[in-house]
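A short write-up of the structure that comes next.
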Amino acid sequence: MIAIEENKDLAPLTTFGVKATARYFSSITSLAGLTELLKHPVYQNNKRLILGGGSNVLFTSDYAGLVIQNELKGIAIKQETDNSIDIEVMAGENWHNLVLYCVQHNWGGIENLSLIPGTVGAAPIQNIGAYGVEVKEVIKSVTGVDLDTGLTKTWLNQECDFGYRDSVFKRKLKEKFFISSITLTLSKKLHRINTSYGAINDVLKQQHITSPTIQQVSEAVIQIRKSKLPDPTVIGNAGSFFKNPTITPSHYQQLQKTYPDIPGYNSVNQEVKVPAGWLIEQCGWKGKRVGNVGVHTQQALVLVNYTNGTGKEIFSLALQIISSVKEKFNIELICEVNIIGSE
Ligand code: FAD
Ligand code: EPU
């Protein structure tokens, strides 16, 4: 029997911790529970929003519909050879706990994605990435329930349309598909150790490690992240608030004339990826506090809720940042965080 709560406080369920309530709220712990919910009048008569760990959402007002929280748990081995293993992980498992579990079992592929908050089910949605690795590299398939028909469907990796912080689940399937599990293919030996991101090499060098294990890569990533990113249990945030933008080579060359130090990296379609953190810092925002909210002191890409900030305050700060970056560099920043308003 599923439970539906009313006027649920969402602040403790998101890493920004801003005040917001859900008109209706239901936590899903089994697929049978989800099937039951889909037949319920509260589901049928309201708009819906799926919530995982709340680490990539910003509520700018109360939510007038039904919030469905994913609490599906479990990990199962699907197939295994001497070299690799396929595991199916239920969507409500904690992502970082999964990384630690895989590292402990010496299953390689997601160690660079250590310490990313949130649930396993949300990982494919924006194709989480960090330190030279994206989750699309190990995803075999994504399974879930079509929320309009109630039918189960599995999307193979190549059907997920993965891109930088992007997938089919973020676009045409947004709020239409409840991800219930993902299947990952991980290595059991001959791991593809990826230390291409400079900071990882620096940490390993300091520790005199020349051929790191996946455990050592995971530990290095954890160390770097702890030094740069605010811990959401201490200070509200949702990681990078904006995506790193890409611009044309000619736009980049033109900016280099005025800003010879502007960083830029090769991206898809010959475009140049420019770190949004650098652009925001150049506009003077880094470490700035506006009332209850602000821009993190160590990482200009992270907006923070100091104490009792509202979603509206954070969003208003984001809009000011977008407009100053546009004015100074003629670059349009796009939010990575999912903004959930009253409309
Ligand atoms: P939520 O915030 O709950 O939801 C995010 C979106 O997915 C919403 O639109 C929601 O409706 C939808 N959704 C959630 N679960 C499901 C489901 N089961 N089915 C369908 N839709 C669903 N991200 C990175 O990529 N790389 C990083 O390095 C990184 N670092 C971070 C560091 C910090 C300190 C923080 C706070 C965040 C960071 N993030 C990073 C962002 C965030 O952790 C990821 O996007 C994560 O995958 C979000 O998971 P979640 O369960 O919290 O999703
Ligand atoms: N930079 C600055 N000032 C700042 C911050 C960054 O100048 O305040 C410049 C520096 O040039 C630095 C470069 O930006 O070398 C890159 O910074 P960093 O290595 O911190 O990475 P990022 O581009 O800011 C991205 C992801 C993070 C991910 C890290 C590590 C996006 C939007 N963000 O950040 O993901 O953890 O790389 O791979 O792609 C997230 O998505 O929430 C997230 C935290």
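Straightening the chain between Lys188 and Thr35 buys 51.5 nm, computed as 0.36 nm per residue apart minus the Cα-Cα spacing.
Kindly identify region 29-90 as rounded, prolate or oblate by the Cα gyration tensor criterion: order the square roots of the eigenvalues as a ≥ b ≥ c, call it rounded if a/c is under 1.5, otherwise compare a/b with b/c, prolate if a/b is larger, else oblate. Here region 29-90 falls in the oblate category.
Looking at this model, which pairs from Lys73/Lys176; Lys19/Lys172; Lys19/Lys174 are more than 27 angstrom apart at the alpha-carbon? Over 27 Å Cα-Cα: Lys19/Lys172.
Which shape class, rounded, prolate or oblate, goes with region 197-255 when its Cα gyration tensor gives a ≥ b ≥ c as root eigenvalues, a/c under 1.5 marks rounded, and past that a/b bigger than b/c marks prolate? In terms of gyration-tensor shape, oblate. Accessible surface for the chain, divided over its residues, is 48 Å² per residue with a 1.4 Å probe. In whole percent, and with a 1.4 Å probe on the protein chains, what portion of the accessible area of the chain is carbon and sulfur? Carbon and sulfur together cover 49 percent of it. Label sites at Asn330 and Asp146, each approximated as a point 7 angstrom past Cα along Cα to Cβ, lie 4.5 nm apart.
A simple count of charges around Leu147, restricted to other residues whose Cβ falls under 14 Å of its Cβ and scoring Lys, Arg +1 and Asp, Glu -1, yields +3. Over the residues of the chain, the helix contribution to mean residue ellipticity at 222 nm works out to -7000 deg cm²/dmol, using -39500 (n - 2.57) for each DSSP H run of at least 4. Computed with the Debye formula from one identical point scatterer per Cα of region 236-340, without solvent, the log10 of I(q)/I(0) at q = 0.12, 0.16 Å⁻¹ comes to -0.39, -0.67. The label point for Glu6 and the one for Asn201, both projected 7 Å from the Cα toward the Cβ, are 6.1 nm apart.
With a Förster radius of 22 Å applied to the C-beta separation of Ile339 and Arg171, the computed FRET efficiency comes to 0.90.
In this Cβ point-charge picture (+1 for Lys and Arg, -1 for Asp and Glu), region 80-183 has a dipole of about 440 debye about its Cα centre. For region 224-280, a crude dipole built from +1 on the beta carbon of Lys and Arg and -1 on the beta carbon of Asp and Glu, taken about the Cα centre, is about 120 debye to the nearest 20.
Along its first, second and third principal axes, ordered by size, region 75-187 spans 39, 28, 23 Å in Cα coordinates.
Rounded to the nearest Å, what's the spacing between the alpha carbon centres of region 164-216 and region 102-157? Just the number, please. Their Cα centres are 10 Å away from one another. Value of Rg to Rh for the chain, rounded to two decimals, is 0.97; Kirkwood radius and Rg both from alpha-carbon coordinates.
Think of the chain as having a plus end and a minus end, set by charges on the Cβ of Lys, Arg, Asp and Glu; of Ser250, Asn194, Ile4, Ser250 sits farthest toward the positive end of this dipole.
Here the dipole of the chain is about 500 debye; that uses its Cα centre as origin and unit charges on the Cβ of Lys and Arg (positive) and Asp and Glu (negative). Run the numbers for Asp82 and Ser227: contour at 0.36 nm per residue of separation, minus the present Cα-Cα distance, in nm. Between Asp82 and Ser227, full extension yields 48.5 nm more.
Sorting Asp146, Asp62, Asp86 by solvent-accessible area of protein heavy atoms yields Asp62, Asp146, Asp86, largest first, with a 1.4 Å probe.
The values are calculated or read from the model by the stated rules, or taken from the named source; none is laboratory data. Bear in mind that the values here come from a model prediction, so they are computed numbers and not experimental data. Using ideal geometry, Cβ is built from the backbone for each residue, glycine included, and neighbour counts are taken over all protein chains shown. These accessible areas exclude ligands, DNA and RNA; they are computed on the full protein's heavy atoms, side chains included. Shrake-Rupley method; radii C 1.70, N 1.55, O 1.52, S 1.80 Å.
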